[in-house]
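**Student:** Just passing along the structure, written as structure tokens.
The values are calculated or read from the model by the stated rules, or taken from the named source; none is laboratory data. Bear in mind that the values here come from a model prediction, so they are computed numbers and not experimental data. Every residue, glycine as well, gets a Cβ built from its backbone with ideal geometry; the counts of neighbours run over all protein chains shown. Ligands, DNA and RNA are stripped out before the accessible areas are found, and what is left, the full protein with its side chains, is counted by its heavy atoms. Shrake-Rupley method; radii C 1.70, N 1.55, O 1.52, S 1.80 Å.
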Amino acid sequence: MSELVFEGTTYEVPPGNTVLEALEVAGVTIPSSCRSGVCQSCLLRAVEGTPPATAQAGLRDTLRQQGYFLACCCKPDGSLEVVRPNDAGLRHRARVARVRSLNATVAELTLECDAAFEYRPGQFANIALTCGTVRSYSLASVPTEDPHLHMHIARMPGGIVSGWVHDSAKEGDFVDLLGPHGNCFYTVGNFGQTLVLAGTGTGLAPLYGIARDALRHGHTGDIHLFHGSIRQEGLYLVEELRALSHTHSNLHYYPCVLEGPADAQTHVGALDAHVTSTLSTLRGSRVFLCGHPDFVKMMQKKTFLLGAAMKDIFADSFLPAKTVTA
Amino acid sequence: MATLYETLGGQAAVEAAVDIFYRHVLGDDRISHFFDDVDMERQAAKQKAFLTMAFGGPHNYTGADMRRAHAHLVARGLNDTHFDAVKENLEKALSELSAPAELIQQVLAIAESTRNDVLSR
């Protein structure tokens with residue numbers, strides 16, 4: 001018998017039975033369909049204990065590393081505490097440590113949070129203001145390099161959280177932080193693999209975290225970081241990224257703007273075309289895409305057609321909040 | 001007796017085939033426009049479920065699901081030519097994976113059995 005804790009209740013899993021079967025016998029309904037590890041409907045996440053490798057076959061590396069597994073293939077060989085995928089985020093209290101502007105429209109919000117907030121650079125978290133408004137922002141910081149959490153926040157017209165960050169947030173203010181969430185992050189290993197990171201606007205935030213996380217882990221393969229904006233003044237962290245590419249010969253930084261004028265090192269033209277013309281093939285590469293949903297969707301297809309395997313394409317679309325103009 | 005799905009290599013074979021097959025489909029001008037607005041991730045999951053079925057593996061596909069899933073494409077002009085193109089790409093992908101000719105024919109026969117449902121007939 002293995003012990004299974006699910007939503008605060010302890011169940012017994014008889015030998016040879018799966019987590020899905022044990023929960024169903026106990027009257028707990030988990031979405032399921034093929035019951036053979038193909039459809040991935042019965043995805044759960046282990047927060048304590050390690051699911052057997054057979055229960056994680058076919059899942060993305062980023063999901064595996066976060067303890068996700070398929071209940072229909074999981075015959076536990078030890079005790080497990082599991083949650084539904086969307087219950088994984090916990091609420092933390094975070095203190096504003098600093099707000100600084102990165103350019104005319106983007107601010108960097110630095111939050112001080114307890115160590116229990118464990119995240120991977122590139123994941124996102126939800127900021128909940130006391131008024132109840134919640135917005136998602138990606139994490140640009142790297143735990144071992146930055147003492148606090150960094151988020152890049154663009155001012156949105158009528159934006160409640162972005163307006164607060166830009167106009168009134170000050171050191172010592174408190175917010176609630178929920179998360180972390182998301183599968184767009186660096187997984188350690190395959191150090192010689194080429195990494196391609198492309199993002200528009202504040203899509204740079206997760207990429208900045210991912211690139212530095214890869215370097216910190218000693219990634220030796222080429223890391224191509226493309227950042228696109230409409231005009232030159234929309235780019236940010238330009239000096240930091242140039243400096244970083246000088247100290248790391250495998251990091252290549254490509255700033256790109258749709259409309260000129262631009263400085264000599266900045267490419268003028270569409271970002272997708274700049275990526276595909278710079279890199280002729282993506283066979284064997286790992287790809288990270290962040291930013292505007294249309295850009296992300298288009299690039300997923302283009303990078304896949306250029307040879308990147310589906311499991312090696314990690315994407316995070318930034319959807320505007322639905323209540324922005326309410 | 002081993003099923004066709006097992007003979008082809010089970011889930012690992014599906015994983016390998018879906019990338020190659022889907023890349024052929026998206027790169028085929030005759031049919032790629034049907035995939036312009038799709039969410040790649042969700043689409044890949046569907047391709048995987050479809051290939052699992054075509055390989056004779058575990059699945060929950062019914063004729064009604066096939067009809068529902070393709071009705072909007074039929075409204076946009078999906079016809080036999082496009083169905084044939086998809087089958088051609090499937091054959092190409094399986095050949096690239098060096099699947100034996102006889103098994104390829106079995107997979108294509110399973111795919112063929114969905115034609116009327118896919119085309120809402």
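**Student:** Please return the ranges of helices (runs of 4 or more DSSP H) entirely within the range B:63-121 where 2 or more residues are hydrophobic (A, V, I, L, M, F, W, C).
**Tutor:** B:63-75, B:80-96, B:101-112
**Student:** Take the residues in the range A:53-62 that are modelled with pLDDT under 85 and part of a helix (DSSP H, G or I); name whichever of them is farthest from residue A:182 (Cα to Cα).
**Tutor:** A:61
**Student:** I want to confirm something. Restricting to the range A:64-77 and keeping residues that are in contact with a helix residue (DSSP H, G or I) (Cβ under 8 Å, 6 or more places away or on another chain) and in a helix (DSSP H, G or I), which single residue is nearest to residue A:312 (Cα to Cα)?
**Tutor:** Across the range A:64-77, the extreme among qualifying residues is A:64.
**Student:** Starting from residues that are under 16 Å from residue B:93 (Cβ atoms) and more than 9 Å from chain A (Cβ to nearest Cβ), keep the ones in the range B:48-72 and report whichever is surrounded by the fewest Cβ atoms within 10 Å (Cβ to Cβ).
**Tutor:** B:50
**Student:** When only residues in the range A:302-324 that are part of a helix (DSSP H, G or I) and at pLDDT below 90 count, which is farthest from the other protein chains (Cβ to nearest Cβ)?
**Tutor:** Our first condition is that a residue be part of a helix (DSSP H, G or I); within the range A:302-324, this holds for A:302-305, A:310-312.
Narrowing further to those that are at pLDDT below 90: A:310-311.
Working: A:310: 5, A:311: 8 Å.
This residue is A:311.
**Student:** Let me ask something additional. In this structure, is residue B:44 among the small types (Gly, Ala, Ser), in a helix (DSSP H, G or I) and more than 8 Å from every other protein chain (Cβ to nearest Cβ)?
**Tutor:** Answer is no for this residue.
**Student:** Inspect the range B:52-67 for any residue being under 14 Å from the mean Cα position of the chain (by Cα) and of a type in the set (Val, Ile, Thr) and give the result as yes or no.
**Tutor:** Within the range B:52-67 (the criterion being under 14 Å from the mean Cα position of the chain (by Cα) and of a type in the set (Val, Ile, Thr)), the answer is yes, since at least one residue qualifies.
**Student:** Quick one: which of A:67, A:16 is out of contact with any Cys (no Cβ under 7 Å at 6 or more places or on another chain) and open to solvent by 50 Å² or more (accessible area, probe 1.4 Å)?
**Tutor:** A:16
**Student:** Taking the conditions exactly as written (closer than 20 Å to residue A:181 by Cβ, open to solvent by 70 Å² or more (accessible area, probe 1.4 Å) and assigned to a loop (DSSP other than H, G, I, E, B)), does residue A:93 satisfy them or not?
**Tutor:** In short, no.
**Student:** Something else about it: Please verify whether residue B:7 is free of Cβ contacts under 8 Å to residues at least 24 places away in the same chain and either in contact with a strand residue (DSSP E or B) (Cβ under 7 Å, 6 or more places away or on another chain) or more than 10 Å from chain A (Cβ to nearest Cβ) (or both), treating the condition exactly as stated.
**Tutor:** no
**Student:** Oh, and also: I'd like to check something: does the range B:22-29 contain any residue that is open to solvent by 30 Å² or more (accessible area, probe 1.4 Å), away from every other protein chain (no Cβ under 12 Å) and within 14 Å of the chain's Cα centre (by Cα)?
**Tutor:** No, the range B:22-29 contains no residue that is open to solvent by 30 Å² or more (accessible area, probe 1.4 Å), away from every other protein chain (no Cβ under 12 Å) and within 14 Å of the chain's Cα centre (by Cα).
**Student:** List the helices (runs of 4 or more DSSP H) inside the range A:199-300, counting only whole elements, that have at least 1 residues being surrounded by fewer than 23 Cβ atoms within 10 Å (Cβ to Cβ) and among the hydroxyl-bearing types (Ser, Thr, Tyr).
**Tutor:** On the way: elements: A:204-216, A:238-247, A:271-278.
The qualifying helices (runs of 4 or more DSSP H) are A:238-247, A:271-278.
**Student:** May I pose another question? Considering the range A:24-55 alone, what residues qualify as being within 14 Å of chain B (Cβ to nearest Cβ) and open to solvent by less than 30 Å² (accessible area, probe 1.4 Å)?
**Tutor:** Matches in the range A:24-55: A:34, A:37, A:38, A:42, A:55.
**Student:** Among B:38, B:18, which is aliphatic (A, V, I, L, M), part of a loop (DSSP other than H, G, I, E, B), under 30 Å from residue A:294 (Cα atoms) and facing chain A (nearest Cβ under 10 Å)?
**Tutor:** Within the list B:38, B:18, the selection yields B:38.
**Student:** Filter the range B:73-121 down to residues that are surrounded by fewer than 18 Cβ atoms within 10 Å (Cβ to Cβ), of a type in the set (Ser, Thr, Tyr) and either touching a helix residue (DSSP H, G or I) at 6+ places or on another chain (Cβ under 9 Å) or farther than 15 Å from residue B:31 by Cβ (or both), then give me how many there are.
**Tutor:** 4
**Student:** From the list A:285, A:249, A:245, A:277, pick out the single residue that is within 14 Å of another protein chain (Cβ to nearest Cβ) and among the hydroxyl-bearing types (Ser, Thr, Tyr).
**Tutor:** A:285
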